[in-house]
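Single-structure report; data block below.
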Amino acid sequence: MSATNFYLNSGYTPTFRSVNLSGAGTFEVWTPTTSTRVILTELAISTVLGGSIRFTLGNLAGSKFAEFVLGGSANISPTIGAIESTMYDRSIFASASAGGTDNWKVTLFGFEIP
C-alpha cells in the first residue's frame, strides 16, 4: 500500500502547496495549521534557469531531507514514499542557490495530521 493510500484509508484529507520562488534564498513552502504535523508524500520541482535546491524541515536551519541539482528547463518528481515530521507546527523550507523571477516552482503533496 502506498503512503498516500495509507493516510487516505486512515481518514486524513490530502492537501498540497504550490509556490513560485524568485531569486536565491530560503523560502517557507509549507506551514501546517496549528497543532498538526506534515506528512509529505509527493514532491514536484521545476526550474527555468537551473541551480540547486535544498529542503529542510523544522526551521530555517532545520534537518535537510532532500537536495537536488538541476539544469535549466528541468522538471523532476522524485519518488519519496513519505517524509513524516515528528514535531507539531514545523514548516518545510526550500533553499534555492540561484535564480531569477519565478525560477523555481515547487509543489508539495501530503497530509496534515494531529
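Quick note: the coordinates plus some simple rules give every number you see, no bench work behind them. Bear in mind the structure is a predicted one, so any value in this text is a computation, not a measurement. Methodologically, a virtual Cβ is constructed for each residue, glycine included, from the backbone with ideal geometry; neighbour enumeration extends over all protein chains shown.
Explain nothing, just the number: dipole magnitude of the chain about its Cα centre with +1 on each Lys and Arg Cβ and -1 on each Asp and Glu Cβ, in debye rounded to the nearest 20.
Dipole size: approximately 80 debye.
Please turn the phi angles of region 63-74 into ³J(HN,Hα) values with the Karplus equation 6.51 cos²θ - 1.76 cosθ + 1.60 (θ = phi - 60°), one per residue in order, whole Hz, x for glycine and proline.
Values, residue by residue: 6, 6, 10, 7, 8, 9, 10, 10, x, x, 6, 10 Hz.
Would you mind putting 41-52, 82-93, 22-33 in packing order, based on average other-beta-carbon counts within 10 Å, highest first?
Per-residue mean Cβ counts within 10 Å order the peptides as 41-52, 82-93, 22-33.
Through the Karplus equation 6.51 cos²θ - 1.76 cosθ + 1.60, θ set to phi - 60°, convert the phi angles of region 18-30 into ³J(HN,Hα) values in whole Hz; use x for Gly and Pro.
Residue by residue, region 18-30 yields 9, 9, 9, 10, 10, x, 8, x, 10, 10, 7, 10, 8 Hz.
Quick one: what are the phi-derived ³J(HN,Hα) couplings along region 52-57, Karplus 6.51/-1.76/1.60 with θ = phi - 60°, whole Hz, x for glycine and proline?
So the Karplus estimates, Gly and Pro as x, are 10, 9, 10, 10, 10, 10 Hz.
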